[in-house]
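Student: The following block contains the structure, expressed as structure tokens.
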Amino acid sequence: MESLNQQGKFVVPMIPNEQDLEQQATTTLEVETKDFDYSKRSQWLRAAVLGANDGLVSTASLMMGVGAVKHDIKAMILTGFAGLVAGACSMAIGEFVSVYSQLDIEVAQMKREKERCRGIIEHVIVDKNENLPNPLQAAAASALAFSVGAMVPLLAAFFISDYKVRIGVVVVAVSFALLVFGWLGAVLGKAPIFRSSLRVLVGGWVAMSITFGLTKLIGSSGL
């Protein structure tokens, strides 16, 4: 539709063609997709770090608890292995259920958005579907990370027959791994490295100390 400009001349406004609109939509989609990919990537990385830390602390605490009442290396190793398998399965199932619930929520939200915006280009919806959270990926990452963390105290105790040396080596190895996991979690979450690492380290010490102390108390009571 023609209109008059300030000089009194008729001007035909420029109407963007279909190709320009599609290119603009594609550019916007690319920006949104990059941000969305980063959030999903950080999600399973965070789950992996947490899974490794859980595997480390829980398995080490179990081994320390059994070591408080049984000096036999076989008992400690079997306890640690059982904790590794049970914990990895538990982490995988829990993460799968949690991420699947998130997937259902996001799919329902996308359907509501599609109903409100009838003019959305179809390939935009397809691209979004490809970036939805993956429950199997999150479950596998958690189980694998838990197993990696649980292997630290197992490997530390595996070849040491002397009871006191074995306990000391497990504590040192677990402490070092806790610092590493705390540092990695701080880097991924952009948190203060020193405080985050110290918090993870102290938390692991507390968990092992409580398990060792309570098990020792119950074992000495003759129950």
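Student: Name the residues in the range 160-198 that are small (Gly, Ala, Ser) and either in contact with a Phe, Trp or Tyr (Cβ under 6 Å, 6 or more places away or on another chain) or in a helix (DSSP H, G or I) (or both), would you?
Tutor: Correct list: Gly168, Ala173, Ser175, Ala177, Gly182, Gly185, Ala186, Gly189, Ser196, Ser197.
Student: Looking for whichever is without any contact (Cβ under 8 Å) to a residue 60 or more places away in the chain and either farther than 14 Å from Met76 by Cα or under 19 Å from the mean Cα position of the chain (by Cα) (or both) here; the options are Val187, Val169. Which one fits?
Tutor: Checking each option against the conditions leaves just Val187.
Student: Does at least one position in the range 206-223 carry a residue that is at pLDDT 90 or above, under 18 Å from Ile167 (Cβ atoms), loosely packed, with under 15 Cβ neighbours inside 10 Å and not aliphatic (A, V, I, L, M)?
Tutor: yes
Student: Shifting gears a bit: What single numbered condition from (1) closer than 26 Å to Arg199 by Cα; (2) modelled with pLDDT of 85 or more fails to hold for Lys74?
Tutor: Status for Lys74: all satisfied but (1).
Student: Tell me yes or no: at least one residue of the range 79-99 is at pLDDT below 50 and touching a Phe, Trp or Tyr at 6+ places or on another chain (Cβ under 6 Å).
Tutor: Looking for residues that are at pLDDT below 50 and touching a Phe, Trp or Tyr at 6+ places or on another chain (Cβ under 6 Å), one finds none in the range 79-99, hence no.
The values are calculated or read from the model by the stated rules, or taken from the named source; none is laboratory data. Keep in mind the model is a prediction, meaning the values are calculated, not measured. Here Cβ is always computed from backbone atoms with ideal geometry, including for glycine, and neighbour counts include all displayed protein chains.
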